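First comes the structure, then the notes that go with it.
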Amino acid sequence: MSLDPQIIQAVALLAQGDVVAIPTETVYGLGADATNELAVQKIFKAKGRPSFNPLIVHVLNRQWAEKIGSIPPQAYPLLDQYWPGPLTIVVPLLPQTTVAPSVAAGLQTIGIRVPKHPLFRKLLEQYGKPIAAPSANASNTLSCTTAEDVAKSLGSKVSLILDDTFPCEYGLESTIVDFSSPIPRILRHGAISQEALQLLKAPEGPLKAPGQMKRHYAPHLPLRLNVTVPHPGEAFLNFGSACPQETLNLSPEGNPEEAGRNLFHMLHTLDNPVRFSGIAVAPIPNKELGVAINDRLQRAATTEDTP
Ligand code: TXA
Ligand code: MG
């Protein structure tokens, strides 16, 4: 079996401590060898990410995960259902792990996920070591679901962007569930809805993964939400048939999964100060994946730069 030349190149770059942009089934990740401290630091530098914000470690399977974190028995039913896939678990970090210190950003816990995207899996198989990867975008700006958007967001800061022939099927980041204390909690709404997770409730009040600043996922243009009548000059991002006058439509049929898949790329496309004065977005029902979409939109629209 001959190997994809871009996988060979990615393996060589990872081995020499470089960062590589990798498509996942959620969004593009900016990956480095999770066991190489200097390589991990390059991720923080390329993104302009504060050092207190921990990274998710991507592994090929549960056996790899068990060498990094202490996974409690109550997590296994969810792993059976969602790994490989868009579920990140936060668990106590094992003291003997080979994962580099900056990955956990000084915490006693670690975020781990087993990605499903075939290219990422092939890379993990060939590289044979865990890969730390945040979303591949400049810190606090729009996440990316296409190679072109990664190139726009990070430019020359990344040596290789793996191609996106097989797309980011969900388009929204993974759902993060914290299993580090006895009662599991959702830390970030994401590609698996709270309804699908069934047994888990989100805590009251805003969710608090350490890096989830109030302002996050932000485009350059101002963003207005729950709009049915756009202002002159604004791009209008429609959902269903909220308004007949649209620039783009997240999902003409009003399907939240399709909207999730389209969200970041459409925002990247509309984020053009030469063409528009701002971006107005139609209301999106706040249930199922709509919760994760609205979380992204609210953070993108806020001007408060606080955790
Ligand atoms: O779908 C995804 O999760 C994508 C792909 C590339 O895997 N990754 C991603 O990473 O969204 P990032 O770094 O953009 O967001 C990860 C979030 C951050 O808010 C971070 O603070 C939180 O996960 N996180 C990571 N490790 C954590 C930990 N030990 N405890 C609590 N939150 C953690
Ligand atoms: Mg991110």
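Once region 71-96 is narrowed to residues that are under 22 Å from GLU37 (Cβ atoms) and either assigned to a loop (DSSP other than H, G, I, E, B) or more than 13 Å from ligand 1 (Cβ to nearest atom) (or both), the residue that is nearest to the chain's Cα centre (by Cα) is LEU94.
Filtering region 234-282 to residues that are within 25 Å of TYR28 (Cβ to Cβ), surrounded by fewer than 19 Cβ atoms within 10 Å (Cβ to Cβ) and among the charged types (D, E, K, R) leaves GLU257, GLU258, ARG275.
So which residues in region 166-193 are touching a residue at least 24 places away in the same chain (Cβ under 8 Å) and polar (S, T, N, Q), if there are any at all? Scanning region 166-193 gives SER174, THR175, SER180, SER193. Would you please name the residue that is nearest to ALA34 (Cα to Cα), looking only at residues in region 130-162 that are more than 13 Å from ligand 1 (Cβ to nearest atom) and out of contact with any strand residue (DSSP E or B) (no Cβ under 8 Å at 6 or more places or on another chain)? Result: LYS157. Any residue at all in region 158-175 that is modelled with pLDDT of 95 or more, within 16 Å of ligand 2 (Cβ to nearest atom), over 28 Å from ASN286 (Cβ atoms) and outside any loop (DSSP other than H, G, I, E, B)? No, because not a single residue in region 158-175 is modelled with pLDDT of 95 or more, within 16 Å of ligand 2 (Cβ to nearest atom), over 28 Å from ASN286 (Cβ atoms) and outside any loop (DSSP other than H, G, I, E, B).
Looking only at region 102-128, which residues are more than 9 Å from ligand 1 (Cβ to nearest atom) and either under 13 Å from ALA10 (Cα atoms) or not assigned by TED's automatic domain parsing to the domain that holds ILE56 (or both)? Across region 102-128, the qualifying residues are LEU119, ARG121, LYS122, LEU123, LEU124, GLU125, GLN126, TYR127, GLY128.
The single condition among (1) more than 27 Å from LEU154 (Cα to Cα); (2) surrounded by fewer than 19 Cβ atoms within 10 Å (Cβ to Cβ) that LYS45 does not satisfy is (1).
The values are calculated or read from the model by the stated rules, or taken from the named source; none is laboratory data. Note that this is a predicted model, so its numbers are computed, not measured. As a convention, Cβ positions derive from the backbone with ideal geometry for all residues, glycine included, and neighbour counts pool all protein chains shown.
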